[in-house]
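Comments concern the structure below.
The values are calculated or read from the model by the stated rules, or taken from the named source; none is laboratory data. A quick note: this is a predicted structure, and the numbers were derived from the prediction, not measured. A quick note on method: Cβ atoms are made from the backbone with ideal geometry, for glycine too, and the neighbour counts reach across all protein chains shown.
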Amino acid sequence: MDAQAIIDSLSPLVPGASFEAAPSVDFATVYVPVEHVVSTCQALRDSLHFEVLAEITCADYLPRTPRYEVVYHLLSVSKRLRLRLKVRVTADGTVPTVQGVYPGAGWLEREVWDMFGIVFDGHPDLRRLLMPEDWEGHPQRKDYPVQIQKAAQTYAPLEVSQEQFQANLERDRVKRTH
Amino acid sequence: MSDIRTETMTVNMGPQHPSTHGVLRLVLELDGEIIQSVIPTIGYLHTGIEKTAEQKKWQQVIPLVERMDYLAAQSNSLAYALSVEKLLWLEMPQRVKDIRVLIAELQRIASHLIWIGTHGLEIGAVSMLFYAVRERELLLNINELIAGFRFFPSYIRIGGLREDLPRGFHAQVQEFLDRFPAKIDEFEGLLTKNDIYQRRTQNVGIITKEHAYAWGLVGPIARAGGSDYDVRKYFPYSGYEGYDFKVPTATEGDVYARYRVRVAEMRESLKIAKQALDRISPTGVFACDDTRVVPPPKDKVYSEMEALIQHFLIYSQGFTVPAGEAYVPVEGPRGEHGCYIVSDGTNRPWRVKMRAPSFMAIQALPTVVRGGLIADVVAVIGSTDVVMGDCDR
């Protein structure tokens with residue numbers, strides 16, 4: 001089942017949503033408007049047999065806008081299908097929680113908030129999960145510094161100059177064509 | 001009696017508790033011996049591997065991902081290698097696929113051995129650990145033989161394997177395969193009909209198929225509750241469609257069912273490993289022929305200019321991966337190990353995310369143990385086979 005077939009069967013179930021097929025090398029990928037995430041997941045679970053939410057993750061595409069993409073990997077055991085839902089999120093945007101549809105989304109969304117700082121509306125327990133409770137910043141954002149020489153101060157806020165930050169961002173990233 | 005004032009008691013378990021498989025902390029709210037609520041706290045083993053991976057070259061990420069689930073290192077690296085190979089459109093030669101299958105199955109047995117040992121130890125069958133670790137030692141010896149490293153061999157690489165199989169590999173694996181069936185019988189003799197073990201595990205920590213699916217648990221936990229989902233059968237990778245094996249299932253969904261499923265899985269893994277070993281020739285191709293990814297053979301490096309340049313490029317800059325994203329799941333010992341990678345077309349990954357089965361299992365833990373006895377918590381944690389390195393990454 002390719003992305004277009006899934007969109008065709010989804011569209012009548014989620015009125016008002018405009019889905020968009022995305023190119024992919026492995027399985028169907030569909031862009032979902034952020035306001036329709038919950039109703040889409042509901043329709044996928046109840047009508048199209050996607051029983052399992054395998055994972056939720058996120059990728060930070062700084063400096064592109066919209067900056068983030070939240071990625072949902074769904075699995076249909078009965079139909080032997082996989083599906084990837086992608087949601088574009090702006091730098092200060094929020095995403096509704098899908099915990100009501102898939103209870104297992106709770107920690108996955110918490111981790112995305114912890115690592116990327118994306119707020120999930122309606123999430124009952126949006127606390128730090130992997131990082132310490134008093135941690136500042138969201139480590140997996142692309143503008144969160146890595147490998148900058150600093151004395152270890154676990155609980156002190158990070159201070160990085162604009163030059164350090166820019167150099168870090170472009171560090172060793174080589175683009176070349178074969 | 002009814003006017004006696006009672007209150008719940010909060011008990012902290014962990015993070016340094018031997019039966020929490022590493023550093024998992026549980027805050028239990030108890031009414032007598034009955035569990036009212038559980039709050040798991042994780043993150044004590046968080047090492048930022050996913051962030052670190054974004055700074056490394058593609059091939060350098062292999063040792064990193066192996067350190068996530070440290071009991072099933074090569075199932076992590078297999079998932080990662082397969083997903084990068086998907087973006088590069090690489091197809092492995094049959095021999096490479098067979099060696100990968102063999103390694104993955106031996107890894108599954110090694111992981112299940114640690115599980116059966118620690119799980120037995122935690123609920124009183126102390127000698128189980130010694131029996132299991134003795135056999136695992138032989139598997140670690142095989143790792144040492146192929147890669148010189150016992151825990152994290154980094155033998156599976158993008159584009160194939162690091163090098164060809166060493167001399168004596170077949171004999172050593174064959175010796176293990178001949179010896180191990182009797183050892184599984186020995187394990188079963190210690191536990192399966194053991195009255196104490198049965199009483200501790202039957203009707204404890206029930207996870208039905210529906211419950212497992214709702215909480216994203218796929219793997220041995222769901223199969224013990226009636227699911228037959230196994231990535232090797234549903235979405236075959238690395239040539240698993242060419243192997244004859246069954247997917248063990250049970251319907252009860254309790255701790256005992258998970259024990260039986262995993263023991264049966266070890267027997268099936270042996271079957272697959274036997275078939276794989278027969279197909280692997282002692283010497284032959286150990287990587288694909290794509291010169292972008294695989295360095296040229298050493299004799300060519302010394303005699304041809306192009307080969308020397310290619311060798312130099314691969315080891316200095318690394319190779320680039322076409323922009324795009326891929327998610328490839330493999331059936332790890334704990335369930336679906338998936339690797340989601342995003343490439344921006346450069347020589348370093350833009351994003352690497354491992355789907356961690358232990359993460360999902362710990363999340364679901366409160367719903368499983370609520371209403372049960374405190375002594376059962378240890379049995380349930382053990383039966384879900386969580387690895388904190390996998391959970392916290």
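Numbers at a glance
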read-out	value
Inter-residue pairs, beta-carbon under 7 Å, first under 12 Å from A:Lys142 (Cα atoms) and in the stretch A:156-174, second modelled with pLDDT of 70 or more, 6+ apart	A:Phe165/A:Asp143; A:Phe165/A:Pro145; A:Asn168/A:Pro145; A:Asn168/A:Val146; A:Leu169/A:Lys142
Residue under evaluation A:Lys86, criteria (1) more than 12 Å from the chain's Cα centre (by Cα); (2) surrounded by 16 or more Cβ atoms within 10 Å (Cβ to Cβ), criterion not met	(1)
Failed item in (1) more than 14 Å from chain A (Cβ to nearest Cβ); (2) more than 30 Å from B:Gly32 (Cβ to Cβ), with B:Ser383 passing the rest	(2)
Among residues of the stretch A:112-138, those that are under 24 Å from A:Tyr31 (Cβ atoms), without any contact (Cβ under 8 Å) to a residue 40 or more places away in the chain and within 13 Å of chain B (Cβ to nearest Cβ), counted	1
Count of the stretch B:313-323 residues which are more than 11 Å from chain A (Cβ to nearest Cβ) and aromatic (Phe, Trp, Tyr)	1
Residue in the stretch A:120-134 that is farther than 23 Å from A:Phe165 by Cβ, in the same structural domain as A:Ser18 (by TED's automatic domain parsing) and outside any loop (DSSP other than H, G, I, E, B) present	yes
Filter pass, B:Pro40 being out of contact with any His (no Cβ under 9 Å at 6 or more places or on another chain), surrounded by fewer than 24 Cβ atoms within 10 Å (Cβ to Cβ) and closer than 29 Å to B:Leu139 by Cα	no
Every residue from the stretch A:46-63 that is farther than 16 Å from A:Leu10 by Cα and more than 10 Å from chain B (Cβ to nearest Cβ)	A:Leu62, A:Pro63
Test: residue in the stretch B:240-260 that is in contact (Cβ under 8 Å) with a residue 40 or more places away in the chain and polar (S, T, N, Q)	no
Lone unmet requirement of (1) touching a residue at least 12 places away in the same chain (Cβ under 8 Å); (2) over 29 Å from B:Gln59 (Cβ atoms); (3) surrounded by fewer than 21 Cβ atoms within 10 Å (Cβ to Cβ) for B:Ala222	(3)
1 or more residues under 23 Å from B:Gly48 (Cα atoms) and not basic (Lys, Arg): qualifying helices (runs of 4 or more DSSP H) within the stretch B:287-387	B:357-369
Strands (runs of 3 or more DSSP E) contained entirely in the stretch A:30-102, each with at least 3 residues that are within 20 Å of B:Phe359 (Cβ to Cβ)	A:52-60, A:68-76, A:81-89
Residues being at pLDDT below 60 and under 17 Å from the mean Cα position of the chain (by Cα) - total across the stretch A:137-153	0
Tally of residues being under 13 Å from B:Ala250 (Cα atoms), outside any loop (DSSP other than H, G, I, E, B) and within 14 Å of chain A (Cβ to nearest Cβ) across the stretch B:211-223	3
Selection within the stretch B:262-313 - farther than 17 Å from B:Gln94 by Cβ, among the β-branched types (Val, Ile, Thr) and under 24 Å from the mean Cα position of the chain (by Cα)	B:Val263
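Residue by residue, here is whether (1) touching a helix residue (DSSP H, G or I) at 6+ places or on another chain (Cβ under 7 Å); (2) at the interface with another protein chain (Cβ under 10 Å from one of its Cβ atoms) holds:
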residue	(1), (2)
B:His311	yes, no
B:Glu325	no, yes
B:Cys339	yes, no
B:Gly345	no, yes
B:Arg351	no, yes
B:Ile362	yes, yes
B:Ala375	no, no
